[in-house]
Amino acid sequence: MTGEESLRPQALMLTFLGDQVLGRDVCVYSGSVIDVFARAGIGEQATRSTLTRMAGRDLLRRQREGRRMYFGLTERSEAVLRDGAQRIWQAGAVNRRWDGTWTLLGFSLPESWQRQRHDLRSRLTWSGFGPLFNGLWIAPGEVDVSALVADLGLSAHVKVFRAHADTGMDIGRMIEETWELSELAGRYEGFAGRWQHWEDDLPDAGDALVLRLRLQTEWLQIVRRDPRLPVEHLPGDWPAEQAEKTFRTVHERLSPLAEEASERLLDLVPARRPG
């Protein structure tokens with residue numbers, strides 16, 4: 001399955017909102033969203049269902065103007081989108097500023113708590129942790145997991161420490177044993193392979209907006225699953241830097257045409273604040 005095929009409508013919607021609504025204090029007409037998503041091959045019913053689900057999850061708020069329904073951001077969706085923008089444009093894909101600190105998290109759960117154990121491991125993986133040993137997980141840098149642990153109701157069963165490796169420990173080997181580096185490298189290589197030709201080619205003006213949505217959505221999905229391991233302890237041919245160069249180059253090439261298309265296609269109105 002390619003990156004394009006695996007992109008879900010909600011992921012594309014968040015990218016769209018981050019590009020067109022975040023920081024502008026506006027709402028976007030539902031018909032405009034339907035039009036843009038149709039160009040991405042997503043049908044009207046799927047787009048409407050996505051808008052409705054996101055409104056029900058406090059990721060969107062409705063604003064009626066005459067007979068038209070517009071959608072704007074909530075505090076929750078603004079936080080999600082700002083985090084995504086920070087991950088793409090500031091943190092980046094290559095961690096060159098690691099200070100030698102690791103976050104260690106130990107947990108001990110009753111044998112019968114299989115669901116809680118699965119949920120904790122899933123959330124830890126999403127937060128950049130890898131299993132050092134059974135019940136002891138590790139992540140580079142200082143990672144605040146207090147909210148994650150409290151949300152799962154496991155605060156009494158988890159202990160968190162900051163640590164540095166002992167002199168002489170082979171950190172590169174530890175990383176290879178703890179994280180699936182080949183899988184992560186494959187994601188970066190696949191991304192570069194799919195998008196490199198757009199470093200030189202330009203799409204039709206009508207396709208640029210959708211292409212940029214797909215580009216940014218796919219890139220965010222990759223970097224969110226990257227634990228940002230220190231580059232000095234990764235293989236010398238680590239593909240993240242080249243993939244990030246491709247992302248930034250293609251994004252820059254697509255943006256003038258994409259912004260021209262958004263001016264033409266989108267109906268935006270000022271957001272009215274409740275009360």
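Summary of values
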read-out	value
Full-stretch length increase - Ser255, Ser146 - with 0.36 nm per residue and alpha-carbon distance subtracted	35.4 nm
Pair-distance profile P(r), taking every C-alpha pair of region 179-264, with 5 angstrom steps and integer %	3, 14, 25, 21, 15, 10, 7, 4, 1, 0
Förster radius 35 Å - calculated FRET efficiency between Asp204 and Arg97 (Cβ-Cβ, nearest 0.05)	0.30
Probe 1.4 Å, protein heavy atoms only - accessible area per residue of the chain in square angstrom	53
Calculated FRET efficiency for the pair Asp58/Leu104, C-beta based, R₀ 25 Å, to 0.05	0.15
Pairwise label distance in nanometres, Arg194 with Asp166, each label 7 Å out on the Cα-Cβ vector	4.4
GluC sites (Glu not before Pro) restricted to region 64-122 and DSSP loop, no more than 14 other C-beta within 10 Å	Glu111
Equivalent-ellipsoid semi-axes of the chain, from the Cα gyration tensor, Å, largest first	37, 25, 15
Share of carbon and sulfur in the accessible heavy-atom surface of the chain [1.4 Å probe, %]	47
Spin-label pair Thr125/Ala46, simplified geometry with 7 Å Cα→Cβ offset, distance in nm	2.5
Globularity ratio of region 229-270, using Cα Rg and 2.2 N^0.38 Å	1.91
Potential lengthening between Arg273 and Arg76 on full extension [0.36 nm per residue; Cα-Cα distance subtracted]	69.4 nm
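The values are calculated or read from the model by the stated rules, or taken from the named source; none is laboratory data. These numbers were taken from a predicted model, which means no experiment stands behind them. All Cβ positions, even for glycine, are placed from backbone atoms using ideal geometry, and neighbour counts span all protein chains on display. Just so you know, the surface numbers come from the protein's heavy atoms only, side chains and all, with ligands and any DNA or RNA stripped out. Shrake-Rupley method; radii C 1.70, N 1.55, O 1.52, S 1.80 Å.
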